[in-house]
Amino acid sequence: MKAFLAIFKREVKQYFTSPIAYVVLVIFSFLSAWFYAIGFLFQFSEYCEQYPMIQMQMQQNPMMMNQNFPVPNFTDLIIPGYFGTLSIVLIFLVPLLTMRAISEEKRQGTIELLYTYPLSDLQVVLAKYMASMVVFTLMALLVVFYLMIPDFFSKEGGVVAWKPASSAILGFYLFGAACIAIGFIFSALTENQIVSAALTFTLLLFMWVVGWAAQGDNIPEQWKKVAEAVSLTNRSSDLYKGLVHLSDIVFYLCVMVGSLFITMRSLESHRWRA
Amino acid sequence: MIEVENLCKFYGSVAAIRDVSFHVEKGEILGFLGPNGAGKTTTMRILTGYFPATSGTARVAGFDVFNQLDEVRKRIGYLPENVPLYTDMSVDSYLDFAAQIKGISGRDRKQAVNKVVSDCGLETMRHRLIKKLSKGYRQRVGLAQALVNDPEVLILDEPTVGLDPKQIKEIRSLVKDLSGRRTVILSTHILPEVSMTCNRVVIIHQGRIIAADTLANLTQQNATNTEILATVRGDVDRVENIVRAIPGVRNVARDTEKSNGRSDQGQVLRVGLPTEPDLRGKVARAITDSGAELIDLRSREITLEDVFIRSISAENARESDSAEGMVISESSHVEVPRQ
Ligand SMILES: Nc1ncnc2c1ncn2[C@@H]1O[C@H](COP(=O)(O)OP(=O)(O)O)[C@@H](O)[C@H]1O
Ligand SMILES: [Mg+2]
């Protein structure tokens, strides 16, 4: 436990004494603020303005009732898309966050001491993972803060429905946790940070674009099913809409635990590969 | 304190060490001597639990390094060969980290760090980033890290490699002072280092132990011959003949390498003598009587090479005795079939 704490503390400090955490946080806060503002100021308010007209048209023309023109509701209209965009942003930022976690220890040779201190590989991996999760948690908290802003300014409050919003936040957190765990695999595989980041990015990107096949036309049903099953981003779409399925949560937890397990195994492998 | 029996380690199908066995008594400083690639690091990594041996057993402080690794690790302080440190930490925070990771908590930790900082002479560097330290100070930080949990056993892999002469001297005396009651294994490829710091020496060559003894015994063993280097100015050819004529002198040769080609600085003669009787005085007088100037006369220092050659030939003699004339080849990396 003390060893775990020692590594965890060191890693967190490492993040904030090097520029990495700041770069990631700054990029993320800029992009997340940007997409939030776009969604809120333009898409949502425009729709609110147009809605009375649409309502009138709907009353005159019953055909329009079949089309989907929901009551302007921020939570339903904006949050799923906003969180979907944030997920893509994460795909670009997570490789930066995880690239040096273990590869740098390999490059500097400091891993030799870690291997000979009285501690287990599990402690090493978990402590480092938790430290990365600290940075990611800051990112998630920032998003929560954004969601609170509209309520400050509206008189009635209740712009954001917190029940579906928390499902979205949960989905975002699970998605990020899974991405970081995947990044750890590649960080343990190489001693080169760039290679580690590039491989992580490639895999995350693939797990995003593979989901497009699930929506595409002219694609066989079985393929769509496979695409849906392995896509890391599609899994969160229901959570972002406020629909919590246990299967989605379990999926992300499995990816996370599985990736960390592979990471641990690859750390151990030096003992028999030598 | 440390018992190593028949350790073998294969990298793929190549054996890095074969049948390595030695013992280290409690409180002893053992010099682990061998040229680069001999298998020193490999052996030390097995002892520290970095990786397991392919076969054989090793016990540290009574605990098996395979089955009771955690107990072993708690009792060992290890300084790896290239002194890997977290270079963007300060000395203080790094040592605090090392202490915590070794399970020292709270106030004890502060005390432990303070102690190793003052023991290793790091007081003035406490707040400096490790990457801003000289190599000598980094070595001290590495030592401090190894010592912070006050381990019974200290394993130092080439602690003086890459340092300048002043730093080497400092680190050697530091190791000697800090060893205290600890059991120390110190690897090196420099023979004099062993004589300065160690009680006993194990020589490893091409993955095998070829000698284990006190240094005094090793440098005298089978030493019926010595060699002296005489720097002579004058008619060197004549001197050579005169010295050769002294009864007992084994051989005389000119050392052109050491003479650096300038006759005004004298020429170096290598004179082979028996250890008994001592003929050095006679040789010196013969040179001066011949009219030439004797500028310098010294016994040649026994080098690692000499000890090797002696140990290897002794080994071969033993083996060929037991194998009844079988020729043992000395080829370096004998391919050993994968087990
Ligand atoms: N990871 C490795 N893979 C393959 N061979 C290795 C590896 N490490 C060391 N060796 C070989 O094992 C032998 C012993 O190496 P080492 O223990 O590092 O020697 P020393 O520390 O005495 O210089 C050398 O011939 C070296 O080339
Ligand atoms: Mg070595």
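Around A:Ser231, what is the net charge, scoring Lys/Arg as +1 and Asp/Glu as -1 over all other residues with Cβ under 15 Å from its Cβ?
Result for the local shell: 0.
Given the -39500 (n - 2.57) contribution per DSSP H run of 4+ residues, what per-residue ellipticity at 222 nm results for chain A, rounded to the nearest 500 deg cm²/dmol?
Result for chain A: -25000 deg cm²/dmol, rounded to the nearest 500.
How big is the charge dipole of the protein assembly as shown about its Cα centre, in debye rounded to the nearest 20, if each Lys and Arg gets +1 on its Cβ and each Asp and Glu gets -1 on its Cβ?
Computed charge dipole of the protein assembly as shown: roughly 980 debye.
Only bridges whose two residues both fall in chain B count here: according to DSSP, what percent of them are antiparallel, nearest 5?
70 percent
Given only helices, namely DSSP H runs of n ≥ 4 each adding -39500 (n - 2.57), what is the per-residue ellipticity at 222 nm of chain B, to the nearest 500 deg cm²/dmol?
Calculated from helices alone, the mean residue ellipticity at 222 nm is -11000 deg cm²/dmol.
Please pull out the direction-averaged projected area of segment B:74-185, using the convex hull of its alpha-carbon atoms, in nm² to one decimal place.
For the Cα atoms of segment B:74-185, the hull's average projected area reads 6.2 nm².
Any idea which of B:Met1, B:Val175, B:Ser105 is furthest toward the positive side of the dipole for chain B, if Lys and Arg beta-carbons carry +1 and Asp and Glu beta-carbons -1?
B:Ser105
Averaged over A:1-14, how many beta carbons belonging to a partner chain fall within 10 Å of each residue's beta carbon?
Whole-number average of other-chain Cβ neighbours for A:1-14 is 4.
Please compute how much accessible surface disappears when A pairs with B, both sides summed, using a 1.4 Å probe, and round it to the nearest 100 Å².
2500 Å²
Give me P(r) over the protein assembly as shown, computed from all C-alpha to C-alpha distances, binned every 20 Å, as integer percentages.
16, 34, 26, 15, 7, 2, 0
Please report the antiparallel percentage of the DSSP beta bridges confined to the protein assembly as shown, to the nearest 5.
Bridges in the protein assembly as shown are about 70 percent antiparallel.
What translational diffusion coefficient, to the nearest whole µm²/s, does segment A:2-273 have by Stokes-Einstein, given a Kirkwood radius computed over alpha-carbon pairs, a temperature of 4 °C and 1.567 mPa s viscosity?
63 µm²/s
Roughly speaking, what is the centre-to-centre gap between segment A:199-271 and segment B:180-245 when only Cα atoms are used, to the nearest Å?
66 Å
For B:Asp108, B:Asp177, what's the largest-to-smallest order of accessible area, 1.4 Å probe?
Reading off the accessible areas and sorting them downward yields B:Asp177, B:Asp108.
For chain B, give the magnitude of the charge dipole about the Cα centre (Cβ charges: +1 Lys/Arg, -1 Asp/Glu; no others), in debye to the nearest 20.
That gives chain B a dipole magnitude of about 1120 debye.
Tell me which residues come under 5 Å, amide H to amide H, from B:His205 once H is placed; ignore anything under 5 positions away on its chain.
B:Ile210
Regarding segment B:1-87, what is the average projected area of its C-alpha convex hull, in nm²?
Average projection, Cα convex hull of segment B:1-87: 6.5 nm².
Accessible area of the protein assembly as shown with a 1.4 Å probe: how many percent of it is carbon plus sulfur?
Carbon and sulfur together cover 58 percent of it.
When Cβ neighbours within 10 Å are restricted to other protein chains, what is their mean count per residue of peptide A:103-116?
The per-residue average across the peptide is 5.
Which length gain, in nm to one decimal place, applies between B:Leu129 and B:Arg254 when the Cα-Cα distance is subtracted from 0.36 nm times their residue separation?
39.7 nm
Give the residue from A:Ser236, A:Met256, A:Val226 lying farthest towards the positive end of the charge dipole for chain A; charges sit on Cβ (+1 for Lys and Arg, -1 for Asp and Glu) and the dipole is referred to the Cα centre.
A:Met256
Based on the Kirkwood radius over alpha-carbon pairs, what value in µm²/s does the Stokes-Einstein equation return for the translational diffusion coefficient of chain B at 20 °C and 1.002 mPa s?
So the translational diffusion coefficient is about 94 µm²/s.
According to a simple spin-label model (label point 7 Å from Cα along Cα-to-Cβ), what is the distance in nm between A:Met148 and B:Asn241?
Going from the B:Asn241 label point to the A:Met148 one covers 10.5 nm.
Let me spell out the model: positive unit charges on the Cβ of Lys and Arg, negative unit charges on the Cβ of Asp and Glu, origin at the Cα centre of segment A:2-273. What dipole size does that give, in debye rounded to 20?
860 debye
Just want the answer: with Cβ charges of +1 for Lys and Arg and -1 for Asp and Glu, which residue in A:Ala131, A:Gly171, A:Pro150 is farthest toward the dipole's positive end in segment A:122-224?
Looking along the dipole axis, the top candidate is A:Ala131.
Averaged over peptide B:141-150, how many Cβ atoms belonging to another chain are found within 10 Å of each residue's Cβ?
1
For a Förster distance of 22 Å, can you work out the FRET efficiency between the beta-carbons of B:His189 and B:Lys26, rounded to the nearest 0.05?
0.25
Excluding B:Ile171 itself, what net charge comes from residues whose Cβ is under 15 Å from its Cβ, given Lys and Arg +1 and Asp and Glu -1?
Result for the neighbourhood of B:Ile171: -1.
For every other residue with a beta carbon closer than 9 angstrom to the beta carbon of B:Ile101, add +1 if it is Lys or Arg and -1 if Asp or Glu, then tell me the sum.
It works out to a net charge of +3.
If you roll a 1.4 Å probe over the heavy atoms of the protein chains, what accessible area per residue do you get for the protein assembly as shown, in Å²?
49 Å²
The values are calculated or read from the model by the stated rules, or taken from the named source; none is laboratory data. Since we're looking at a predicted model, the values are computed, not measured. Positions of Cβ are generated from backbone atoms using ideal geometry, with glycine treated the same way; all protein chains shown enter the neighbour counts. Note: areas computed on protein heavy atoms with side chains; ligands, DNA, RNA excluded. Shrake-Rupley method; radii C 1.70, N 1.55, O 1.52, S 1.80 Å.
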